Every structure is written in structure tokens, then in C-alpha cells.
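I have placed the structure first, in the form of C-alpha cells, so that the comments after it can refer back to it.
The values are calculated or read from the model by the stated rules, or taken from the named source; none is laboratory data. The structure displayed is predicted, hence computed values, not measured ones. Here the Cβ is made from the backbone with ideal geometry for all residues, glycine too, and neighbour counts use every protein chain on show. For accessibility, only protein heavy atoms count, side chains too; no ligands or nucleic acids. Shrake-Rupley method; radii C 1.70, N 1.55, O 1.52, S 1.80 Å.
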Amino acid sequence: MKAQDILAAAGPGASHIEALWWVFFLVCTAVFVAILAAVGWALWRAPRGDAASPPDTSFLHRRERGAEIAVGVAVALSTLGLVFLTVASFVTDRALASAGAPDLQIDLTANRWWWDIRYDDQDKSKIFTTANELHIPVGKPVLVRLRASDVIHSFWVPNLSGKKDMIPGREATLVLQADKPGTYRGQCAEFCGAQHAKMALVVVADENYEKWAAAQRNPAPEPSDAQQKRGQELFVNGTCAMCHAIQGTAAQGRHAPDLTHLASRTTLAAGSVPNSVGHLAGWILDPHSIKPGVNMPPNPMAPDDLHALLAYLGTLK
Ligand code: CUA
């Protein structure tokens, strides 16, 4: 996964913002250096004296034409600089707003502390839901509709776009486009409670997007042996199904991430830990040791049951 970096733009949105960042950096650096030089010059030319020979302060009562011109020029340059930066921001904003017409629409809902992702389609049978790992096709603009279910969150994938707040009761939209294939880290950028820092979003610019989407639309595979079957029963008849859904089974909870293709994801708990059997076992038994305060309760269970459940969850490719 690429590190979050606004100076490594991988799409048009982030490129515009990166260019603006450099404009601000260069203008502000020039102003900073100019001010330091002016202060240095003022110190250097200040009249000096001591108790025996007091400094010459007669200039205080004299009009200095040079100083007046210098102040006038500095005020004019500052005004011009500010106007220039305002115009540059405006131009960037226009460029971001004029992104290409998207042919894919995604509903992204922020929850404490995970992301619900629904791929919309005019053909209702093609709609599917996943969580915490957003796949998008390479080189195509994607419209993301941003919502929040509980408190204010903020969507931010620095390599691909700017930030956008997700406010309960409102819908915001953002056009996301990745021109280089890769995996980019996103992060909730608005403090939303104890686990705000562990509210990451994995964004995959996927060259095989259609293949991935087709696989995600399938219901979960049926268990193929007795242990997996036992795991599925534990999931569906136990407490898991109260919050989680697995398509193709009776588990249809909507309070927590959809797990239909859990095993196809790279991380667990919104980017908190890698998706491995060990981490999954730890997460099921005691989620609070990984993410204190999370809604999921601890699930103490017998080793055989845990192994059966892990075997079943491992099939959810
Ligand atoms: Cu969600 Cu911070």
C-alpha cells in the first residue's frame, strides 16, 4: 500500500491540488525570505550608540522618502500576492469541479469506525455491498456519494483527492479518479471518537475492476466440508448474524460490515490489522484489544468452534 502523500498525486484531482500546494509553497517561501531579509537590513542600518555617544535619532522627525516608497511597494506586493493565491485557489476549485462525467456511482457511508460501500447500478441485480476496501477502475472518473450515519467524518485519500466532510443527514459528492494502478491509503480526516485514527480506507485502483466486481456480486460460496458447515451455522445462528450480513445465507445484519467476500480484503477492522487467520481470530475473540471502544463485543468461544468459524470465513473469497 502506498503511503499517504499529497505530493505523489496518482489522479487528476490530486494533481490539481499538488500543483496548488507548490504555488503556495513557492510564494510563501519567497515572502518569508523577503521579510527576513527586510528585518536583517533594518537591524543592520539601525543607528547605534552607547551612554557616551547617544545614537542619532534625528531621522524620527524627518520624512524619509525611501522608507515611504519601500512600505508602499511592500503593501502593493503583499496585496498582489494575496490576490494571486486567491485566483490560484479559485482556478484549482474550478478544475476539480469540471472532472469528467462518471460512469460508476458508489455510495460510501462512514460509520464509527468503518466504511460501508455500495456499488450502485441501473440494473438492480448488479448492485452489491462491501466494506472498508474500495476498488475503482483505473483511468475512469467515479462519482462517490458521501454520507455519515452517526457523527461527522471526513473522506480523504491524499494521493487521489482532497478532503470532503461527511455530515449526518447530508449528502456530499466527490469525483475520484486514479490514473495509476495501485493501492492507496485513505484516512478519516475528522475526529470522530476514540478510534478515529484506526478508521482507514483501502482504495485499490484495479486494472481488473470488472473481474473483481463480477466476483463481488456473487453470493458467498457454500461450505464444502463439515468444519466449514459448522462454522457457517455458528455464524448464522449465533450473534454474528445480528450485525453482519453474508449474502447467500440467512445472515442479513446491516449494523456492521458486509462479510460476503471478507477473505478477498487485505485488512480487517478498517485498515487496523492485516487480514490473516491469526488477526481474525484475535479480532473475533477480543476486538477491543485491537480497537478499544469498537461496537463489536468480545466473543469467547471454544477452540473447536473458533476453528470452524475461521475455516468458514476463510472461504469467503
Ligand atoms: Cu471517522 Cu474520524
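About the centre of its Cα atoms, region 243-317 shows a dipole size close to 260 debye [charges on the beta carbon of Lys, Arg (+1) and Asp, Glu (-1) only; nearest 20 debye].
For region 79-199, what class follows from the C-alpha gyration tensor (a ≥ b ≥ c being the square roots of its eigenvalues): rounded when a/c is under 1.5, otherwise prolate if a/b is larger than b/c, else oblate? Since a/c reaches 1.5 but b/c is at least a/b, the shape of region 79-199 is classed as oblate. For region 1-129, the Stokes-Einstein estimate of translational diffusion at 25 °C and a viscosity of 0.890 mPa s comes to 118 µm²/s, using the Kirkwood hydrodynamic radius over alpha-carbon pairs. Both radii were evaluated on the Cα set of region 168-317; the Rg over Rh quotient, with Rh as the Kirkwood radius, amounts to 0.98. Computed over the chain with a Gaussian network model linking Cα atoms closer than 10 Å, the most mobile of L280, L176, L85 is L85.
Computed over region 94-166, relative contact order equals 31 percent, with contacts defined as Cα pairs under 8 Å that lie 6+ residues apart. Mean-square fluctuations from a GNM of the chain, with a 10 angstrom spring cutoff on Cα atoms, peak among R145, R217, R65 at R65.
The rule of thumb for compact globular proteins, 2.2 N^0.38 Å, goes into the C-alpha radius of gyration of region 73-128 2.06 times. Amide H to amide H distances under 5 Å link L104 with L143, where only residues 5 or more positions off or on other chains count and H is placed in the peptide plane.
Of all beta bridges that DSSP places with both ends in region 1-146, some 65 percent have antiparallel geometry. Of all aspartates and glutamates in the structure, the ones whose alpha carbon falls short of 12 Å from that of K180, not counting any fewer than 8 places away in one chain, are D206, E207.
About its Cα centre, the chain has a charge dipole of approximately 560 debye under the convention of +1 per Lys or Arg Cβ and -1 per Asp or Glu Cβ, with nothing else charged. Computed over the alpha-carbon atoms, the chain gives an Rg to Rh ratio of 1.21, Rh here being the Kirkwood radius from the mean inverse distance. Each of L316, A172, T79 was placed along the dipole of the chain (beta-carbon charges, centred on the mean Cα), and the one lying farthest toward the positive end is T79. Computed over the chain, relative contact order equals 17 percent, with contacts defined as Cα pairs under 8 Å that lie 6+ residues apart.
The portion of the accessible surface of the chain made up by carbon and sulfur, rounded to a whole percent, is 62 (1.4 Å probe; DNA, RNA and ligands excluded). Annotation for region 115-188 versus region 265-317: alpha-carbon center distance of 25 Å.
Taking the inverse of the mean 1/r over every pair of distinct Cα atoms in region 134-228 gives a Kirkwood hydrodynamic radius of 15.1 Å.
Farthest towards the positive end of the charge dipole of the chain, among the residues Q187, V144, W41, is the Cα of W41, using unit charges on the Cβ of Lys, Arg, Asp and Glu.
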